[in-house]
Amino acid sequence: MRLSRVALAALGCASALAADEPRNWFGDPYFNLTHDIAACPEPRGPYITEAEALRESHHRAERGTRCHLEGRCRYPSSFDYDREIADHIRRSASEPRAALPRSTLWVLVQGRRVWIYGCVAADYRRGRLEKWLRSIPDVEIATEEVRVGGGKVPYRTRLSS
């Protein structure tokens, strides 16, 4: 009997720790696009705790269906576009006309919104990545959060949460 209480307590602790472990609760497309700059920290991306996911769930449901209800989306949820958008970004990045800068970049797609995070060479002109992402079909908003040259990255990292 005593052993089972200890085992249950251990399982309870493990379960609580798992809930606090950030993960991609909504399965948002998130991927590394380039990897030319070695010391570029990975962004936090879609990795959130269970509590954060619960707080976000209502907002995501509302934002996801509003697009369709307003007649701006052909799919019932704006999140239904995300896989297509991510695939298009991957294909477009491999085309010569994309001419991506020397960089280490990650892409996050959430509800027709795209974030590009990472590090780019010092000669990068801000806004080029946003402009490229806005040219992808069905992208509603594109945001770049990149470190140009050296210094601190402008985004939360996986390690800092």
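Before moving on, here are some points about what is shown:
- In region 57-83, residue surrounded by the most Cβ atoms within 10 Å (Cβ to Cβ) [restricted to those that are more than 19 Å from PRO29 (Cβ to Cβ) and among the acidic types (Asp, Glu)]: GLU62
- Flag if ARG112 is surrounded by 15 or more Cβ atoms within 10 Å (Cβ to Cβ), in contact (Cβ under 8 Å) with a residue 12 or more places away in the chain, among the basic types (Lys, Arg) and touching a strand residue (DSSP E or B) at 6+ places or on another chain (Cβ under 6 Å): no
- For region 22-36, residues that are over 11 Å from the mean Cα position of the chain (by Cα), in a loop (DSSP other than H, G, I, E, B) and surrounded by 16 or more Cβ atoms within 10 Å (Cβ to Cβ) total 2.
- Of all residues in region 145-160, those being in a loop (DSSP other than H, G, I, E, B) and either touching a His at 6+ places or on another chain (Cβ under 9 Å) or buried (at least 16 other Cβ atoms within 10 Å of the Cβ) (or both) number 2.
- Qualifying positions in region 102-144 - assigned to a strand (DSSP E or B) and either at pLDDT below 95 or not hydrophobic (A, V, I, L, M, F, W, C) (or both): SER103, THR104, GLN110, ARG113, TYR117, GLY118, THR143, GLU144
- A Cβ distance below 6 Å, combined with a sequence gap of six or more or placement on separate chains, defines the contacts here; from region 125-154, residues that are under 18 Å from LEU33 (Cβ atoms) and free of Cβ contacts under 8 Å to residues at least 60 places away in the same chain reach residues that are surrounded by 12 or more Cβ atoms within 10 Å (Cβ to Cβ) and of a type in the set (Gly, Ala, Ser) in the pairs GLU130/ALA142; LEU133/ALA142; ARG134/ALA142; VAL146/GLY118.
- Positions within region 66-88 being assigned to a helix (DSSP H, G or I), within 20 Å of the chain's Cα centre (by Cα) and free of Cβ contacts under 8 Å to residues at least 40 places away in the same chain, in sequence order: ASP80, ASP87
- Of LEU11, LEU54, LEU17, LEU3, all but one fail to be at pLDDT 95 or above, assigned to a helix (DSSP H, G or I) and loosely packed, with under 14 Cβ neighbours inside 10 Å; the exception is LEU54.
- All positions within region 101-118 that are under 12 Å from the mean Cα position of the chain (by Cα) and within 15 Å of TRP132 (Cα to Cα): LEU105, TRP106, VAL107, LEU108, VAL109, ARG112, ARG113, VAL114, TRP115, ILE116, TYR117
- Matching residues, region 89-101, being in a helix (DSSP H, G or I) and either hydroxyl-bearing (Ser, Thr, Tyr) or surrounded by 18 or more Cβ atoms within 10 Å (Cβ to Cβ) (or both): ILE89, SER92
The values are calculated or read from the model by the stated rules, or taken from the named source; none is laboratory data. Owing to the predicted nature of the structure, the values given are computational and were not obtained by experimental measurement. Virtual Cβ from ideal backbone geometry, glycine too; neighbours counted across all protein chains shown.
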